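The values are calculated or read from the model by the stated rules, or taken from the named source; none is laboratory data. Remember, predicted model here, so these are calculated numbers, not experimental data. Because the Cβ atoms are built from the backbone with ideal geometry, glycine has one as well, and the counts that use them run over all protein chains shown.
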Amino acid sequence: MSTPHIRDYQGRRIHMIGIGGSSMSGLAQMLHDKGYRITGSDNTHSHAVERLEAEGIPVSIGHRAENAMGADLLVYSAAIHPDNPERAWAAAHGIGQIERAVLLGQIMEGHDEAVCISGTHGKTTTSSMLAQVLLTCGLDPAVHIGGRTDALGGGTRIGSSRVFVAEACEFAGSFLHMKPTVAVVLNIDEDHLDFYGDIAHIEEAFYQFCSLLPSDGLAIGNGDDPRVRSLFERLPARSETFGMTSESDWYPMQLDCSDHGRPRFDVMYRGEKVCSVFLRVAGRFNVLNALAALSCAHALGVDMAQAAAALSEFAGVHRRFEHTGDIDGVHMYHDYGHNPVEMRGALSVACEQQARRVWAVMQPHTYSRVKTLFDDFLTCTEAADITLVTDIYAAREKDPGDINSQMLVDGMRAHGINAVLTPSFDDTEAYLRAHWQPGDLVLTMGCGNINLLNEQMQSHGDTKS
């Protein structure tokens with residue numbers, strides 16, 4: 001059976017399994033805005049589900065065959081297997097099905113330019129930076145990113161047919177369904193090893209992604225990343241690099257991060273200054289994200305002074321070092337980072353905030369990730385004064401019985417880290433409130449539901465109130 005195409009289902013009912021996911025909820029919103037009739041299902045009720053329901057999109061909690069009855073087409077995420085009762089019912093009754101990444105690639109068709117931003121980390125921030133630049137500079141972009149920004153009023157935008165900006169996620173090879181004219185590679189690190197097996201297969205997947213470029217396409221990559229450099233040496237496509245030194249095409253000069261870690265720098269392109277930027281988001285890693293976004297804007301013909309001014313107004317993405325409030329004089333932050341590299345980066349920003357002490361609260365995400373990156377997790381919070389570790393968030397996985405958070409805590413302590421196991425959110429809140437002091441900073445980290453801990457604690461308010 002040939003793969004269905006979304007254009008053939010205009011005005012008909014599309015049922016989306018796993019609709020609460022960051023990408024799926026965005027696609028649901030886009031299809032809804034385009035006039036499709038959308039229904040969905042998910043395992044849990046979430047803020048994303050609430051937003052969809054507020055738009056009039058019915059969402060069933062739990063997966064049951066009857067949820068798919070009456071649908072003309074099913075869309076599912078890579079985490080939804082064929083034995084899912086809704087997928088199984090659709091297959092038995094001849095209802096077409098499309099995987100999420102295939103749908104995104106189909107929606108991308110028909111745009112003059114498609115900028116697809118890939119990498120193990122930094123995709124959402126860089127995509128959001130670029131989207132805000134293009135929107136401010138009048139290019140009216142279509143956008144699909146895995147986070148929410150105030151500038152977009154969410155994570156998706158229909159826009160015009162001129163340019164499409166999308167995150168290109170490597171999980172399960174999803175980005176191989178994209179149709180890029182500009183392919184960006186921010187970094188290549190070990191992750192999703194439950195799917196790829198080893199770093200060699202990850203590198204090959206990124207090469208295949210960049211090979212999707214047409215003959216007149218452009219690859220843009222991190223020149224400081226040896227794996228990206230090696231990949232670009234093999235590519236026949238035209239390419240540019242960004243990095244922290246003049247060995248790359250795009251690089252910063254006069255870099256100053258003395259204002260709470262917020263970078264100020266001149267942007268250089270092949271030895272010539274093209275603009276200056278003062279970022280509102282902290283972290284040296286955001287210099288690279290900004291350079292990647294500006295190089296894309298330049299490739300699309302945007303005036304660089306205007307692009308720099310727009311980028312200087314970028315206030316960040318929700319769940320990316322997001323200040324969620326203060327309790328008892330303690331500053332509460334949350335970050336979506338869920339692998340060791342991302343957690344190190346988020347903590348580097350936390351340590352720039354001049355707090356009395358920095359608390360890292362880690363919710364490990366998936367048993368497979370903890371097992372494959374175990375050694376890296378043991379030291380990734382070393383910049384914090386105290387580390388609290390909750391139970392592992394299973395997500396799509398079942399507990400294999402041979403890995404748990406106590407093993408992480410024991411390993412961290414062996415490396416000299418002051419680590420404590422606080423299995424539940426209630427345990428974590430109780431420990432924090434018993435031990436924190438005014439002027440401390442608490443950073444919760446993970447891509448599961450750890451953000452709800454911040455909400456839980458905010459709702460309980462100050463201890464003395």
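Check whether at least one residue in region 39-48 is part of a strand (DSSP E or B), in contact (Cβ under 8 Å) with a residue 12 or more places away in the chain and among the charged types (D, E, K, R), and report yes or no.
yes
Do you know which of the residues in region 248-267 that are closer than 19 Å to LEU218 by Cα and out of contact with any Leu (no Cβ under 6 Å at 6 or more places or on another chain) is surrounded by the fewest Cβ atoms within 10 Å (Cβ to Cβ)?
Looking at the filtered set, the residue picked out is ASP249.
Scan ILE117, ILE158 and give me the residue that is touching a strand residue (DSSP E or B) at 6+ places or on another chain (Cβ under 9 Å), more than 19 Å from ALA315 (Cα to Cα) and at pLDDT below 90.
From the options ILE117, ILE158, the qualifying one is ILE158.
Any idea which residue in region 1-38 is modelled with the lowest pLDDT, counting only those that are among the charged types (D, E, K, R) and part of a loop (DSSP other than H, G, I, E, B)?
Among those that are among the charged types (D, E, K, R) and part of a loop (DSSP other than H, G, I, E, B), it is LYS34.
Only residues that are more than 14 Å from LEU103 (Cα to Cα) and under 18 Å from the mean Cα position of the chain (by Cα): list them for region 19-48, please.
GLY20, GLY21, SER22, SER46, HIS47, ALA48
Which ones in region 158-178 are under 20 Å from THR136 (Cβ atoms) and surrounded by fewer than 22 Cβ atoms within 10 Å (Cβ to Cβ)?
Within region 158-178, ILE158, GLY159, SER160, SER161, ARG162 meet the criteria.
When you check ALA131 against the structure, is it outside the structural domain of PHE242 (by TED's automatic domain parsing) and either at pLDDT 85 or above or surrounded by 22 or more Cβ atoms within 10 Å (Cβ to Cβ) (or both), yes or no?
The answer is no for ALA131.
Answer yes or no: is there a residue in region 423-438 that is assigned by TED's automatic domain parsing to the domain that holds TYR333, outside any helix (DSSP H, G or I), surrounded by fewer than 19 Cβ atoms within 10 Å (Cβ to Cβ) and free of Cβ contacts under 8 Å to residues at least 40 places away in the same chain.
Looking through region 423-438, at least one residue is assigned by TED's automatic domain parsing to the domain that holds TYR333, outside any helix (DSSP H, G or I), surrounded by fewer than 19 Cβ atoms within 10 Å (Cβ to Cβ) and free of Cβ contacts under 8 Å to residues at least 40 places away in the same chain.
Scan region 275-313 for residues that are in a loop (DSSP other than H, G, I, E, B), more than 16 Å from SER248 (Cβ to Cβ) and in contact (Cβ under 8 Å) with a residue 40 or more places away in the chain and jot them down.
VAL281, ALA282, GLY283, LEU300, VAL302, ASP303, GLU313
Can you name the residue in region 434-465 that is charged (D, E, K, R) and in contact with a strand residue (DSSP E or B) (Cβ under 8 Å, 6 or more places away or on another chain) and is also nearest to VAL370 (Cα to Cα) among such residues?
Among those residues, the one meeting the criterion is GLU455.
With the structure loaded, tell me whether ARG413 is within 26 Å of THR324 (Cα to Cα), surrounded by fewer than 21 Cβ atoms within 10 Å (Cβ to Cβ) and not small (Gly, Ala, Ser) or whether it fails that test.
Answer is no for this residue.
On the given criteria, is ASP376 touching a helix residue (DSSP H, G or I) at 6+ places or on another chain (Cβ under 6 Å) and among the acidic types (Asp, Glu)?
So ASP376 passes the test.
If we scan region 299-317, do we find a residue that is crowded, with 16+ Cβ neighbours inside 10 Å, hydrophobic (A, V, I, L, M, F, W, C) and within 17 Å of ALA384 (Cβ to Cβ)?
No, region 299-317 contains no residue that is crowded, with 16+ Cβ neighbours inside 10 Å, hydrophobic (A, V, I, L, M, F, W, C) and within 17 Å of ALA384 (Cβ to Cβ).
Suppose we filter region 249-266 for residues that are in contact with a helix residue (DSSP H, G or I) (Cβ under 8 Å, 6 or more places away or on another chain) and not in a strand (DSSP E or B); how many remain?
2
Residue pairs, Cβ under 6 Å, 6 or more apart or interchain, first in region 439-465 and over 16 Å from GLY147 (Cβ atoms), second among the aromatic types (Phe, Trp, Tyr). List them.
If the second residue must be among the aromatic types (Phe, Trp, Tyr), the pairs left are VAL442/TRP359; LEU443/TYR333; LEU453/PHE425; GLN456/PHE425.
One line per residue, one yes/no per condition, for (1) among the basic types (Lys, Arg); (2) farther than 23 Å from HIS260 by Cα; (3) in contact with a Phe, Trp or Tyr (Cβ under 8 Å, 6 or more places away or on another chain):
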| residue | (1), (2), (3) |
| --- | --- |
| GLY337 | no, no, no |
| TRP359 | no, no, yes |
| HIS365 | no, yes, yes |
| THR372 | no, yes, no |
| THR387 | no, no, yes |
| ARG396 | yes, yes, no |
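I'd like to know if region 63-78 contains one or more residues that are in contact with a Ser or Thr (Cβ under 6 Å, 6 or more places away or on another chain) and farther than 25 Å from GLU170 by Cα.
The answer is yes, given that some residue of region 63-78 is in contact with a Ser or Thr (Cβ under 6 Å, 6 or more places away or on another chain) and farther than 25 Å from GLU170 by Cα.
Return a yes/no flag: does region 55-67 have any residue that is part of a helix (DSSP H, G or I), polar (S, T, N, Q), surrounded by 14 or more Cβ atoms within 10 Å (Cβ to Cβ) and over 27 Å from the mean Cα position of the chain (by Cα).
Scanning region 55-67 turns up at least one residue that is part of a helix (DSSP H, G or I), polar (S, T, N, Q), surrounded by 14 or more Cβ atoms within 10 Å (Cβ to Cβ) and over 27 Å from the mean Cα position of the chain (by Cα).
Among the residues in region 330-342, are any at pLDDT below 90 and surrounded by fewer than 17 Cβ atoms within 10 Å (Cβ to Cβ)?
no
Looking for something part of a helix (DSSP H, G or I), buried (at least 21 other Cβ atoms within 10 Å of the Cβ) and within 20 Å of the chain's Cα centre (by Cα) - is there at least one such residue anywhere in region 73-83?
no
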